[in-house]
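The values are calculated or read from the model by the stated rules, or taken from the named source; none is laboratory data. Predicted model, so just to flag it, every value in this text is computed and none were measured. As a convention, Cβ positions derive from the backbone with ideal geometry for all residues, glycine included, and neighbour counts pool all protein chains shown.
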Amino acid sequence: MNTYRLQEEAIPVDREMDVVIVGGGATGIAAAIAASRNGARTLLIEQRGFLGGMGTVALVPAFCPFTDHVKPVIRGIGLELLERMKRNCNEEYHELYNDLLDWVPIDAEVLKRVYDDAVLESGAELLYHTFVGQICMDPAGSRIDGVVIVNKTGRSFVKCSYLIDATGDADIAAMAGVPFHKGGEQGELQPGTMCYLLTNVDRNRFKKYLKESGDTGQIPIAVQKAQASGDLPEGRKEVSGFAWVSDYLVGINFGHIFNIDGTKAEDLTRGAIEGRRKVKEQLRFLQKYVPGFEKAHLISTGEQIGIRETRRIVGDYVLTQQDFLEMRTFPDDIARNAYFIDIHMATSKDKMAIHHLPHGRSHGVPYRCLLPLGIDNLWVAGRAASSDRVVQGSLRVMPNCFAMGQAAGTAAYLAGLNGLTSREVIIDELQRLLIEQEAWLGEETHERLAVR
Ligand SMILES: Cc1cc2nc3c(=O)[nH]c(=O)nc-3n(C[C@H](O)[C@H](O)[C@H](O)COP(=O)(O)OP(=O)(O)OC[C@H]3O[C@@H](n4cnc5c(N)ncnc54)[C@H](O)[C@@H]3O)c2cc1C
């Protein structure tokens, strides 16, 4: 590779923090709130001008289930934020979704404000429009001393005792030399999707169409008819999801863009351009084939194509498909996952891989999955946590990211309080504090710790 040698330079120290969190998606938001509420001096750094990650940046239109069909399994900060978004939506939204915990539609503009407020109220500092492109290791190579940030103010250094990588792509861990996997054995990755918002749609007319045509909510009949007549390309035979924010406003997750590696700027660029082209094609299809969408108007596409999969770090434990299928409990559980395995195909010829757990059941997510090999003051939570590819296809959704984020933030606080490394955090103490702060870690853990 052609290289250019930079000159050594001294850069200002912007600030010194106990805990720095990079990435303001579901994971980073929960991590910041948890660390700061407990008392750590916390900074959350986000490259965009708002929080929410895929749920706002990429307009992913709904939250995956918070329940196992019987009870909520994702509680704590995640559930609190979900309820707060609902309360801040308009009355119509409120009436529609007040009691819903699964597949709750996202009102992205409300959610952005809710996240701002919740993070600031926790006492955490927020730095938007700021990218972390470099880290500084201590000479021994097992700790990160801080991060180099780049923004309109310039380049500066943020010193910290502990760091949480909530970039979704394990950017920080990769810079620190942590081993990781990306996609499948042949490097195949789940596809990206450009999600979007349509207004001037008529939900009642759409419902009438479903009733009269026998088509289901994901409109496979309409999609396949359009594919047969060449109005849509071959590929997924139904829409992944419609999320009705109101009777006239709908968020849509439809179709795939293949061979996008979300850690490469060139691929993200191609994804953005191809994505917007696809949305234009889909809008024409919906207007022509689906009653209720005749006058649909596109208000917004995602600022970035939605990315389902990039790096998975190798942590102290790698959660496996077997753990998922056997619904295992671990002594160091910090969350439970009940979401199904939901692996989108890597090419238009492949099939989706789906596997549901029985209602009322879940598996544990051990603390060790957040601990990247070789580094003692870093947690990697969210989409890039340590699991095999199959489990990543389930663990990656936003409610789980909230739960893992809360655990990472709480652990970082405890580590700081007691002057420990991430691996020295006392598990019982972490679990007790998480439960005290409304997280749910499964019946066995609650019973073992004698808390309800
Ligand atoms: C098309 C699609 C549909 C989906 N459908 C659903 C669904 O219906 N429901 C659901 O719950 N989940 C869904 N998911 C999954 C879910 O949205 C993501 O897996 C989840 O948001 C990951 O959360 P995260 O916090 O780990 O990462 P992200 O949401 O990706 O957030 C990471 C944040 O870090 C920031 N960042 C990254 N690198 C840097 C850096 N170096 N410096 C500064 N900032 C940085 C990014 O800007 C971003 O805001 C879907 C995903 C996709 C792509």
Could you run through segment 269-280 and say how many residues are surrounded by fewer than 18 Cβ atoms within 10 Å (Cβ to Cβ) and of a type outside the set (Lys, Arg)?
3
Can you list the strands (runs of 3 or more DSSP E) lying wholly within segment 265-375 that have 2 or more residues being touching a Pro at 6+ places or on another chain (Cβ under 8 Å) and closer than 29 Å to Thr421 by Cα?
333-337
Only one residue in Leu44, Leu51, Leu81 is within 15 Å of the ligand (Cβ to nearest atom), assigned to a loop (DSSP other than H, G, I, E, B) and under 23 Å from Ile334 (Cβ atoms). Which one?
Leu51
Checking Tyr209 against (1) modelled with pLDDT of 95 or more; (2) closer than 25 Å to Gln304 by Cβ; (3) outside the structural domain of Asp102 (by TED's automatic domain parsing), the condition it does not meet
(2)
Can Val19 be described as at pLDDT 95 or above, surrounded by 10 or more Cβ atoms within 10 Å (Cβ to Cβ) and more than 30 Å from Pro399 (Cβ to Cβ)?
no
Out of Lys237, Lys225, which single residue is touching a helix residue (DSSP H, G or I) at 6+ places or on another chain (Cβ under 7 Å), away from the ligand (no atom under 13 Å from the Cβ) and closer than 30 Å to Arg311 by Cα?
Lys237
Take the residues in segment 138-154 that are more than 12 Å from the ligand (Cβ to nearest atom) and touching a strand residue (DSSP E or B) at 6+ places or on another chain (Cβ under 6 Å); name whichever of them is farthest from Arg383 (Cα to Cα).
Asp138
Working only within segment 168-177, note down all residues that are within 12 Å of the ligand (Cβ to nearest atom) and within 21 Å of Gly416 (Cβ to Cβ).
Ile172, Ala173
In the set Ala353, Ala346, Ala384, the lone residue that is in contact with a Lys or Arg (Cβ under 6 Å, 6 or more places away or on another chain) and either within 16 Å of the ligand (Cβ to nearest atom) or not assigned by TED's automatic domain parsing to the domain that holds Ile77 (or both) is Ala384
Enumerate the pairs (first residue in segment 26-41 and within 16 Å of the ligand (Cβ to nearest atom); second residue anywhere and of a type in the set (Lys, Arg)) with beta-carbon separation below 8 Å, excluding pairs fewer than 6 apart on the same chain, so at least 6 apart or on different chains.
Thr27/Arg383
Within segment 84-125, track down each residue that is under 20 Å from Pro72 (Cβ atoms), hydrophobic (A, V, I, L, M, F, W, C) and either within 16 Å of the ligand (Cβ to nearest atom) or not assigned by TED's automatic domain parsing to the domain that holds Val397 (or both).
Met85, Leu100, Leu101, Trp103, Val104, Ile106, Leu111, Val114, Ala118
Could you tell me whether Leu420 is outside any helix (DSSP H, G or I) and either more than 18 Å from Val22 (Cα to Cα) or within 13 Å of the ligand (Cβ to nearest atom) (or both)?
yes
In contact (Cβ under 8 Å) with a residue 60 or more places away in the chain, over 23 Å from the mean Cα position of the chain (by Cα) and either more than 30 Å from Leu59 (Cβ to Cβ) or more than 16 Å from the ligand (Cβ to nearest atom) (or both): does that describe Asp376?
yes
